[in-house]
Amino acid sequence: MATATMTVASAAAPTPTAPPTLGSPLYTDPSQSVEARVNDLLARMTLAEKIGQMTQVDRDSIAPDDITRLFIGSILSGGGEGPGTNTPAAWAAMVDGFQQRALQTRLRIPLIYGLDAVHGHNNVKGATIFPHNIGLGATRDPDLVQRIGRATAEEMIATGIPWDFAPVVAVPQDVRWGRTYEGYSENTALVTQLGAAFVRGLQGPALGGPFSVLATPKHFIGDGGTTFGSSTTPGYLLDQGDTRVDETALRALYLPPYRAAVAAGAQSIMVSFSSWQGTKMHARKDLLTGLLKGELGFSGFLVSDWAAINQLPGDEHAQVVASINAGIDLVMVPSDYKTFIAALTQAVQQGDVPQVRIDDAVRRILRAKFELGLFEHPLSDPANLAQVGSAAHRQLARQAVRESLVLLKNDQATLPLAKDTPLIFVAGQGADDIGLQSGGWTITWQGQVGNITPGTTILQGIKQAVSPQARVVYDALGTFDAVTTTAGVTATSGAVTADVGIVVLAEPPYAEGVGDLTSLALPASDLALADRVRARSRKLVVILLSGRPRLVTSALPKWDAFVAAWLPGTEGEGVADVLFGDAPFSGKLPYTWPRSDGQLPFDFAHLPAGGCAAPLFPFGYGLSAGDASPAQLDCPG
């Protein structure tokens, strides 16, 4: 997504709203109950002010004066969209500038700024980037996930942003989906436990407390269960597709994480692009209003996904009517906001959208804003900027990396490595690349290669971990054409053999349906790289950086040890900590690992439990150092 430079007002001191005076509106009095304040404010609002509150505009599309003129209630940054200078201070100044526009309206209703902070405050250079959710699923550690949610909230609030479009609580059933890494697991119970923990971490004990950020469990409902090839978006395969299960399965597999998130206090939920049984979720009143708001008692607001209502049938008027009447409260337009406002205004005036539905939507939005304390503290506090990328947060991320690593093969106790190993070859671009370590949703929407934000690469971690007696030689291509021997002679043509070779294979970054795949096979170039280092090393350790399992069946017999490191983020030392025995291998697979593409999608109810017809590694598998590798690794092909 494009990033544009916008001139905004400079950040002001974060002074609370002035205390009410005699005759001040009740809604300005923080001593009143939230419901009393909502009722008072709602009664004072015009239709235009109400519809403005239901409108969310992308920061690259908004004309700043329109925030005041059209009473816009929310601004968002899409992936990679931010200030022209990507620093925490510039982010705070940008958001405060938008907020000051909102505070110039008649009723001084603050806007709420949101973005996707899905593994830390990942749009901001210098923020701590935590492992993606697939890695957190491997930790099985809800306390850790809650602390990561708290750290993410602290970094967001430091930049003036109180709303996070996270956590993803999808339950992915087909690992070919490009959003697999955003899901904690294929297992409903594990997703339910970790999703609720992240909500508690983001929001804190109650909304409005110190560093409290509004959580947004997403994408309601069934986005992880779409049928391969059913996507309605050109070029996608699974993302934004159709979930073709009956209601019993929908409720059993995909509803529990939302039930737990609502119980944990979630006051915002994002609706899915996907469909259920052929009908887009943004038009499913039975699920949005009947199930979520009715049966589950969800009292917060529903936000649409990016321009998602425009995927509904009909013209703009029909799309607006169908989505609002289905239960959408706040619409991520994100660009053509004037058309949306005009269409919704006309729909209300013609009676196609009842006034009571508008009032219900605005009530839900205002309730969240009051509970967050935005009316009292609408602006950022410069004193909080030190939270962004703090040492404490980076140590937490390093712990998360350590706990997320899954040891899948370890012949002859290859791991952990001795710190005084005389010669270690390290190969693969992923060994020295923060962008590849972090994956999609890092600084930009799709992510990118290179050291795009401060952090420590795996190679740097290895060099820091070994003793002075060890020598680490890095060659991204794994050729090691010229290596100086201990005798000081430069040897060529394979004359020097390493005691250990470490190859880091890495998926290129991707996000959403761009990452949908037909086959999970690794590129031939990756396998050739591992073979080159195999030929030059007495022991070979392969580390895979990926957002899902990839096919390694044919190559695995050549590797002495194999580690799934997922997408660990900025703290590569965590990988070295475990490789060299400073921490144990403790991660367990959050997804079943396929033996071949032909096994996908898995029929989880009828999976063979063992033998060569079984998956390569079952859900929950993970060795500790010293454990023997399973026999089925020796199966043909």
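Neighbours of GLY241 by Cβ distance under 13 Å: Lys/Arg scored +1, Asp/Glu scored -1, total -2. Peptides 28-41, 415-428, ordered by how many other C-beta atoms sit within 10 Å of their residues on average, highest first, read 415-428, 28-41.
Rounded to the nearest 5, what is the percent of antiparallel bridges among the DSSP beta bridges in segment 405-634?
On the way: 9 of 33 bridges.
In segment 405-634, DSSP labels about 25 percent of beta bridges as antiparallel.
Counting only aspartates and glutamates at least 8 places from LYS409 when in the same chain, those with an alpha carbon closer than 16 Å to its own are ASP560, ASP627, ASP634. The protection proxy used here, the mean number of other Cβ atoms lying within 10 Å of each residue, ranks peptides 495-501, 44-50, 128-134 as follows, highest first: 128-134, 495-501, 44-50. Helical content alone sets the calculated 222 nm signal of the chain at -8500 deg cm²/dmol, taking -39,500 (n - 2.57) per DSSP H segment of four or more residues and averaging over every residue.
When all alpha carbon pairs of segment 34-387 are counted in 10 Å bins from zero, the resulting P(r) reads 6, 27, 36, 25, 6, 0 %.
Can you sort TYR113, TYR181, TYR621 by how many other beta carbons sit within 10 Å, fewest first? Kindly include the intermediate steps, with their values, before the conclusion.
Numbers: TYR113 25, TYR181 31, TYR621 17.
Ranking TYR113, TYR181, TYR621 by Cβ neighbours within 10 Å, fewest first, gives TYR621, TYR113, TYR181.
Show log10 I(q)/I(0) for segment 156-267 at q = 0.10, 0.14, 0.17, 0.20 Å⁻¹, two decimals, from a solvent-free Debye sum over equal Cα scatterers. Cα-only, vacuum Debye calculation for segment 156-267: -0.31, -0.58, -0.79, -0.98.
The structure-derived value of Kirkwood radius over Cα pairs in Å appears in the list (i) 25.4; (ii) 27.0; (iii) 29.7 under the label (i). Across the chain, Cα pairs under 8 Å and at least six residues apart give a relative contact order of 16 percent. Each peptide in 521-531, 603-613, 182-192 gets a packing score, the mean of other Cβ atoms within 10 Å over its residues, and the list from highest to lowest is 182-192, 521-531, 603-613.
Summing charges over all other residues whose Cβ lies under 11 Å from the Cβ of PHE198, with Lys and Arg as +1 and Asp and Glu as -1, gives +2. Taking Cα centre as origin and charging only the Cβ of basic (Lys, Arg, +1) and acidic (Asp, Glu, -1) residues, the dipole magnitude of the chain rounds to 480 debye. The HN-Hα couplings worked out from phi for segment 213-223 by the Karplus form 6.51 cos²θ - 1.76 cosθ + 1.60 (θ = phi - 60°) are 10, 6, 7, 9, x, 8, 10, 6, 9, x, 5 Hz, whole numbers, x standing for Gly and Pro. Which listed residue (LEU423, ALA506, LEU529) has the Cα farthest towards the positive end of the charge dipole for segment 405-634, taking +1 on Lys and Arg C-beta and -1 on Asp and Glu C-beta about the Cα centre? The one lying farthest along the dipole's positive direction is LEU423.
I need THR592, THR68 ordered by Cβ neighbour count within 10 Å, fewest first.
THR68, THR592
As a ratio to 2.2 N^0.38 Å, the alpha-carbon radius of gyration computed for segment 405-634 takes the value 1.01.
Just so you know, all these numbers are worked out from the coordinates, no wet-lab data involved. Just so you know, these numbers come straight off a predicted model, no measurement behind them. Positions of Cβ are generated from backbone atoms using ideal geometry, with glycine treated the same way; all protein chains shown enter the neighbour counts.
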